[in-house]
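Everything below concerns the one structure shown next.
The values are calculated or read from the model by the stated rules, or taken from the named source; none is laboratory data. Please read all numbers here as calculations on a predicted model, not as lab measurements. Cβ placement follows ideal geometry from the backbone for every residue including glycine, while neighbour counts extend to all protein chains displayed. Only protein heavy atoms, including side chains, enter the accessible area calculation; ligands, DNA and RNA are left aside. Shrake-Rupley method; radii C 1.70, N 1.55, O 1.52, S 1.80 Å.
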Amino acid sequence: RARARARARARFQPCAAAASPSLGPLPLASSARARNALESVTEGVLCALDAGNAASCQFVCDGASMLVDVEPSRAVASADMLPAKVCLHANARGKEACVVGIATRVEDEAEVEEARKLMKKRRVDKANGTMLRIVVDHVTVSAAGSPQEEVDAAAFAEAERDPLLDCAEDIIRTFNEQRPDDVAAFCRAAGVNVTSGDDAEVVDVDRLGLDVAVRTLSPYGIVENTIVRVPFERAVNSERDARSMLTMMAQVVWENERQYVPPQIAPVTVPDDEESS
């Protein structure tokens, strides 16, 4: 057991030694970050770039395109305005994503029905408006304190759905409500000095790590949020795997911060007569 802890401590050391909160052994690709943001939310705002019209909408990702449900009365869904260059804005788990592309109206009834089935599968229950399809040109994604990242259509299409997408909210809730001190410790291990769990909040989790919003006070007395990336030592593939990884990380940070040395256990010598028996 002591050797296992030593191996875990050695493996987790690159995270503790990271020079920047955005650096780590397993950085998440921009394309995966963009897809995760758009897959984790179903509501946004659709804007027609040329006409300046905007409307709230519901949407889901569909490969290299987006399916968007808009109220028929909205100008942006008007048949005489389509096809049109549009921008779909969405906020999800500490990130802002923006999809730019060409929107067309889905006219075929069978295609509309399939689109509504996909929306219902992704927990959009009231998709009964005008169905649009956006062929993606590019996607931008940004987080507080980080530069905007741009992803082209090909990279966005190739990005896979994260295995933690459906359980992320439960993991986030567990650590924010029940283990805030561990969240603060993760930030310290990533190189950011956080003394209290009240100053750090997990906003997202994916197969490669955590995104934590850290509250700091600016020189002007304004509370600001900065997203700190806390990478895993390896990719996880399930909720159980992620929770096990986070528990191990918390234990390793606890031991590192306290310079804990496991007690040496003296070897036990078995007498010859007991061995023979």
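Please specify each residue of region 74-90 satisfying the condition of being open to solvent by less than 80 Å² (accessible area, probe 1.4 Å) and out of contact with any Leu (no Cβ under 7 Å at 6 or more places or on another chain).
First, pick out the residues of region 74-90 that are open to solvent by less than 80 Å² (accessible area, probe 1.4 Å): 75-79, 81-82, 84, 86-90.
Within region 74-90, 75, 78, 79, 81, 82, 84, 89 qualify.
Residues that are part of a loop (DSSP other than H, G, I, E, B) and free of Cβ contacts under 8 Å to residues at least 12 places away in the same chain were ranked within region 101-111; the one that is most open to solvent (accessible area, probe 1.4 Å) is 107. Restricting region 112-165 to residues that are open to solvent by 90 Å² or more (accessible area, probe 1.4 Å) and of a type in the set (S, T, N, Q), the residue that is nearest to residue 215 (Cα to Cα) is 148. For region 119-136, a residue qualifies if it is under 24 Å from residue 76 (Cβ atoms) and without any contact (Cβ under 8 Å) to a residue 40 or more places away in the chain, and the qualifying residues are 120, 125. Of note, residue 160 satisfies the criterion of being among the acidic types (Asp, Glu), in contact (Cβ under 8 Å) with a residue 12 or more places away in the chain and closer than 30 Å to residue 101 by Cβ.
Report yes if some residue within region 245-264 is open to solvent by 10 Å² or more (accessible area, probe 1.4 Å) and among the aromatic types (Phe, Trp, Tyr); otherwise report no. So that I can check it myself, show each step before the final result.
Filtering region 245-264 for residues open to solvent by 10 Å² or more (accessible area, probe 1.4 Å) gives 247-248, 250-251, 254, 256-264.
From what's left, among the aromatic types (Phe, Trp, Tyr): 254, 260.
The answer is yes, given that some residue of region 245-264 is open to solvent by 10 Å² or more (accessible area, probe 1.4 Å) and among the aromatic types (Phe, Trp, Tyr).
Listed by position, the helices (runs of 4 or more DSSP H) contained in region 150-191 that have at least 3 residues being over 19 Å from residue 255 (Cβ atoms) are 153-158, 168-178.
Answer with yes or no whether residue 93 is buried (at least 17 other Cβ atoms within 10 Å of the Cβ) and not aliphatic (A, V, I, L, M). Break it down into steps so the answer makes sense when it comes.
On the way: buried (at least 17 other Cβ atoms within 10 Å of the Cβ): yes; not aliphatic (A, V, I, L, M): yes.
So residue 93 fits the description; yes.
For region 78-108, the set of residues classified as over 25 Å from the mean Cα position of the chain (by Cα) and of a type outside the set (A, V, I, L, M) consists of 78, 80, 83, 85, 104, 105, 107, 108, listed by residue number.
Taking residue 203, is it of a type in the set (A, V, I, L, M, F, W, C), open to solvent by 20 Å² or more (accessible area, probe 1.4 Å) and within 20 Å of the chain's Cα centre (by Cα)? Yes, satisfied. Do we find that residue 234 is more than 25 Å from residue 96 (Cα to Cα), open to solvent by 50 Å² or more (accessible area, probe 1.4 Å) and assigned to a loop (DSSP other than H, G, I, E, B) in this structure? Yes, satisfied.
I'm trying to understand the selection: among the residues of region 167-197, which are in contact with a Pro (Cβ under 7 Å, 6 or more places away or on another chain) and open to solvent by 40 Å² or more (accessible area, probe 1.4 Å)? So that I can check it myself, show each step before the final result.
The first filter runs over region 167-197 and keeps only residues in contact with a Pro (Cβ under 7 Å, 6 or more places away or on another chain), leaving 190-192, 197.
Of everything in region 167-197, just one residue is in contact with a Pro (Cβ under 7 Å, 6 or more places away or on another chain) and open to solvent by 40 Å² or more (accessible area, probe 1.4 Å), namely 191.
Taking region 137-149, which residues are in a loop (DSSP other than H, G, I, E, B) and in contact (Cβ under 8 Å) with a residue 60 or more places away in the chain? Spell out the reasoning first.
So the first thing to find is which residues in region 137-149 are in a loop (DSSP other than H, G, I, E, B), and the list is 144-148.
144, 145, 146, listed by residue number.
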